[in-house]
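Only one structure is covered here, and it is reproduced in the block below.
The values are calculated or read from the model by the stated rules, or taken from the named source; none is laboratory data. Nothing here was measured: the structure is a model prediction, and the numbers come from that model. Cβ atoms come from the backbone with ideal geometry, glycine included; neighbour counts cover every protein chain shown.
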Amino acid sequence: MDLGITGRRAAVAAASAGLGLGCARALLREGVHVAICGRDAERVAAAVAGLEADARAGATVSGLVGDVATVAGATAFVEDAAAALGGVDILVTNAGGPPPGTFASTDLDAYAPALELNLLSTVAMCRAAVPAMAGRGWGRVVAITSITVRQPAAMLILSNTARAGATAFLKTLATEVAPRGVTVNSVQPGLHATDRLLQLHGGDVSGVGASLPVGRVGDPDDFGAAVAFLCSEPAGFITGTALQIDGGAFPGLL
């Protein structure tokens, strides 16, 4: 299927590894010009080299060093991406997670940085990118959140709280900008073979995968392909959705 986005320009946050990298790769394979960011210059450079090898002919990738964990950093990333690409048509928001903890073990002071990391950074990136999209009459926003938005996870009270807030923001934004050609969706990953998951399980995630209905953990590139579809022309009637990509792990009906 031709996704109809060849030549579009995408800013993909926190994409030097993991799910963000999978999204950047999928978009480049569709002929999209992509800007990625990461905190470590060497990792960003390595990611760019790998992405260039996978890109469709004519598609370009720009590597930016930055940290989207703060409002200032998130805003700067989109502004820098727009400068590098000549504008941003597609925004994929992404960030790491806050520390684990329960209600009893988590101090009140821990909530503000968690909200900045997983809620306000998303708001900031959208504020930096969406007005120009709406002005041009076309845009795509896809936010990477977590399956814990549907089913809060024990020991992750900060992430559960912040990402649920981001989901509410995105749903509200979607209804406001839909008439102007901009779609806004979120994707809720379950367990995927990212560096972090591999490290947690000593490089062997087969046991974790066996617990999922599909019998394996997810591939970041497959995750990226789903995100690329939501960024496509054929997906122009899909907005305000929160799509779980979890190998069937979530047991609920809705």
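Taking interchain pairs and intrachain pairs at least six residues apart, which have beta carbon atoms under 7 angstrom, with the first residue in segment 76-98 and hydroxyl-bearing (Ser, Thr, Tyr) and the second buried (at least 24 other Cβ atoms within 10 Å of the Cβ)? Hits for this filter: Thr93/Ala13; Thr93/Thr122; Thr93/Met125; Thr93/Ala143; Thr93/Ile144.
Evaluated against (1) farther than 22 Å from Ala112 by Cα; (2) of a type outside the set (Gly, Ala, Ser); (3) in contact with a Gly (Cβ under 9 Å, 6 or more places away or on another chain); (4) buried (at least 21 other Cβ atoms within 10 Å of the Cβ), Asp221 falls short on exactly one condition, (4). Of all the listed residues (Ala114, Ala129, Ala143), the sole one being within 17 Å of Ala69 (Cβ to Cβ), modelled with pLDDT of 95 or more, part of a helix (DSSP H, G or I) and under 20 Å from the mean Cα position of the chain (by Cα) is Ala114. Residues that are among the hydroxyl-bearing types (Ser, Thr, Tyr), touching a helix residue (DSSP H, G or I) at 6+ places or on another chain (Cβ under 8 Å), buried (at least 21 other Cβ atoms within 10 Å of the Cβ) and modelled with pLDDT of 95 or more occur in segment 175-184; there is at least one. With the condition kept exactly as written, say whether any residue in segment 37-58 is surrounded by 18 or more Cβ atoms within 10 Å (Cβ to Cβ), in contact with a Lys or Arg (Cβ under 8 Å, 6 or more places away or on another chain) and assigned to a loop (DSSP other than H, G, I, E, B). Checked segment 37-58: at least one residue is surrounded by 18 or more Cβ atoms within 10 Å (Cβ to Cβ), in contact with a Lys or Arg (Cβ under 8 Å, 6 or more places away or on another chain) and assigned to a loop (DSSP other than H, G, I, E, B). For segment 146-188, taking the residues that are assigned to a strand (DSSP E or B) and within 20 Å of Ala225 (Cα to Cα), the one that is farthest from the chain's Cα centre (by Cα) is identified as Val182.
Could you tell me whether any residue of segment 12-35 is assigned to a loop (DSSP other than H, G, I, E, B) and on the phi > 0 side of the Ramachandran plot? Yes, because at least one residue in segment 12-35 is assigned to a loop (DSSP other than H, G, I, E, B) and on the phi > 0 side of the Ramachandran plot. Applying the set (1) closer than 29 Å to Gln244 by Cβ; (2) of a type in the set (Val, Ile, Thr); (3) under 20 Å from the mean Cα position of the chain (by Cα) to Thr106 leaves exactly one unmet item: (3). Quickly run through segment 59-70 and pick out the residues that are within 15 Å of the chain's Cα centre (by Cα) and assigned to a strand (DSSP E or B). Result: no residue meets the conditions. Here Ala72 fulfils each of the conditions (1) farther than 24 Å from Thr167 by Cβ; (2) without any contact (Cβ under 8 Å) to a residue 60 or more places away in the chain; (3) among the small types (Gly, Ala, Ser) apart from (1). May I ask you to say which residue of Leu158, Leu191, Leu198 is at pLDDT 95 or above and over 17 Å from Ala82 (Cβ atoms)? After applying the criteria, what remains is Leu158.
Tell me which residues, restricted to segment 178-195, are over 15 Å from Val130 (Cα atoms), touching a Leu at 6+ places or on another chain (Cβ under 7 Å) and of a type outside the set (S, T, N, Q). Of everything in segment 178-195, those that are over 15 Å from Val130 (Cα atoms), touching a Leu at 6+ places or on another chain (Cβ under 7 Å) and of a type outside the set (S, T, N, Q) turn out to be Val187, Pro189, Leu191, His192. Of all residues in segment 81-92, at least one satisfies being crowded, with 16+ Cβ neighbours inside 10 Å, touching a helix residue (DSSP H, G or I) at 6+ places or on another chain (Cβ under 6 Å) and assigned to a strand (DSSP E or B).
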